Amino acid sequence: MGIGVSGVPLRELGLVLLVAAAVTFLLTGVVRSVMVRTGRVAEIRQRDVHTQPTPSAGGLAMYSGFAVAVFLASQLPALTRGFMPVTPEMNAVLWSGLVIVVVGVIDDIYELDAITKLIGQVLGALVMSLLGLSWNLLYLPVGDGTTVVLDQVQATILTVLVTVTLVNAINFVDGLDGLAAGLGMIAGLAILVFSLTVLHDQGGAVSAYPPAIISAGLVGICLGFLPHNFEPSRIFMGDSGAMLIGLLLAAASTSASGKITMSLYGAGDLIALISPVIVVLAAVAVPMLDLVMAVVRRLSRGQSPFAADRMHLHHRLLAMGHSHRRVVLVLYLWVSVAAFGAVSFSIVPARWAVTGCLVTLAIALLVTFVPWLRRRIGGETAPRG
């Protein structure tokens, strides 16, 4: 069967990740070649950071890599508990992902208006929910804790809201070479680590298989796409890729966090009980913060929340003095601090987790403000030279 320690199929999930990476890496080159030959390249817009027209629609290769990896997972005996007839969730992910990628590719080539794109995003989220991947339970840490059982309508509404929000969060932050792919890889890895922890603690809990498979595939496709996309980028993932990453994050987080019950960890361990929600929020904290800031900024100016500008976090870091690559690495660092800081509460004692979070937070702050510190020091010492 290949099951690892305490029901954790490490080798199989590792194989899924590697296959997703390999297929995505190979097909990205094919997609790039086709786009270049047909003249489908992204022209330079005012808000863009890149300076050369570059082919887009890398999401086609990413979805193909994910689909192949999921098919492989369905053929591995150790992972069959994540598929039909045990659970419909993987089918839901594949079909909703197809909807999102089709909408994204059309937008990459023809530039859909914001409303049409939003309708496509809602449709993809509806497909995912109606095919069986929804928030069925919602744990509220109020008083002694309350688990709310959602009916079909409530589950669908919550699932659509979460999915569309995450899809747009990743799409909004996709402004630098390698940024969205790296953030998706880090966030997916955090959810994968959490799922592996649940599988280990519960001896192979069926509910932890879909999020583990989804996040392994997500990490793989981001890893396979990054060599083509890291600065200087040879191809962009486009809206098709960015929205796919958002959808897969939503799917993994919904699968991991939408089934929380008091019996999973026990009422005495509140941190562990709500850690799936904390992990998901932390993993997407940076793009979500960027999204909220962008919406507030644009609405305060009387603009559409979908209007483009050069005030995203990555634009601000560039203005601070970081190079293109350092901006991407700084954002990787912040997402890692948030995501794995949350995961640590499910793995190590709370005292160690808090200490680790404080140390890594201090390191992230120092790295972020290095250009500012250099200017301050240079300004004070320059007259002496």
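The values are calculated or read from the model by the stated rules, or taken from the named source; none is laboratory data. Owing to the predicted nature of the structure, the values given are computational and were not obtained by experimental measurement. Note that we place each Cβ from the backbone using ideal geometry, even for glycine, and neighbour counts take in every protein chain shown.
Candidates are the residues of the range 292-335 that are surrounded by fewer than 21 Cβ atoms within 10 Å (Cβ to Cβ) and of a type in the set (Gly, Ala, Ser); the one that is farthest from the chain's Cα centre (by Cα) is Gly302. Screening the range 69-100 for residues that are of a type in the set (S, T, N, Q) and more than 20 Å from the chain's Cα centre (by Cα) and picking the one that is nearest to Leu218 (Cα to Cα) gives Ser74.
So which residues in the range 335-347 are modelled with pLDDT under 85 and in a helix (DSSP H, G or I), if there are any at all?
Matches in the range 335-347: Val335, Ala338, Ala339, Phe340, Gly341, Ala342, Val343, Ser344.
Would a scan of the range 77-84 turn up a residue that is at pLDDT below 95 and touching a strand residue (DSSP E or B) at 6+ places or on another chain (Cβ under 9 Å)? No, the range 77-84 contains no residue that is at pLDDT below 95 and touching a strand residue (DSSP E or B) at 6+ places or on another chain (Cβ under 9 Å).
Figure legend. Inter-residue proximity from the range 314-337: first residues more than 21 Å from Ala294 (Cβ to Cβ) and without any contact (Cβ under 8 Å) to a residue 24 or more places away in the chain, second residues surrounded by fewer than 18 Cβ atoms within 10 Å (Cβ to Cβ) and not hydroxyl-bearing (Ser, Thr, Tyr), beta-carbon distance below 7 Å, spacing 6+ or different chains. No pairs are indicated.
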